[in-house]
1. Counting just the residues of region 37-78 that are small (Gly, Ala, Ser) and touching a strand residue (DSSP E or B) at 6+ places or on another chain (Cβ under 6 Å), which one comes out farthest from Cys159 (Cα to Cα)?
2. For the structure I just gave you, tell me whether Ile10 is modelled with pLDDT under 90 and surrounded by 14 or more Cβ atoms within 10 Å (Cβ to Cβ).
Amino acid sequence: MKALKIIFLIMLTVLLSGCFTRMVYQTDSEIQKPQAQISLLNKQLIAYDISILQDKDSMVLVLPNKKLFNSNSANFTQEAYKVLDLILELTSYYEKSVISVKGVAGVNYANALNAAIATERAHKVVSYLWRSGIDASFMYANGSSAIVVKNKKSFLTDCVVINFRKL
């Protein structure tokens, strides 16, 4: 009889704990919906000549400066706002991410001037994202002159590189 009471108490405890625990399952359509929206945003960005590199924990966007900035300056073009708004929409799918923005200048001027323009462009992008509601504590900007690889060909030049890295 005592054994039956113990079994009954154990079963009652398991049953009641199941009542207070709620399992939440995502349906396949709920999981696929963000992926479909990210894919659509990626296609829209590619239409602006933006290169996208992605793995499971990060996404890198390479934006040509001619789409974002007026020649030899850090002032946005009219087209830049459309591109940056698409990027803002994309950031909503990368919550809890570190966003690094690297400006890379062309090879037109001296390295110091290139680095200054590139840094100013990166800061302009970060400022726009921040003013649009992205948490600035997870963003940083820097700039450099063209990145050249060993064979002396420009690897990255005259662009802004945005990296979303999940925490």
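The values are calculated or read from the model by the stated rules, or taken from the named source; none is laboratory data. Nothing here was measured: the structure is a model prediction, and the numbers come from that model. No Cβ is skipped: glycine too gets one built from the backbone with ideal geometry, and neighbour counts run over all protein chains shown.
1. So the residue we want is Ser58.
2. No.
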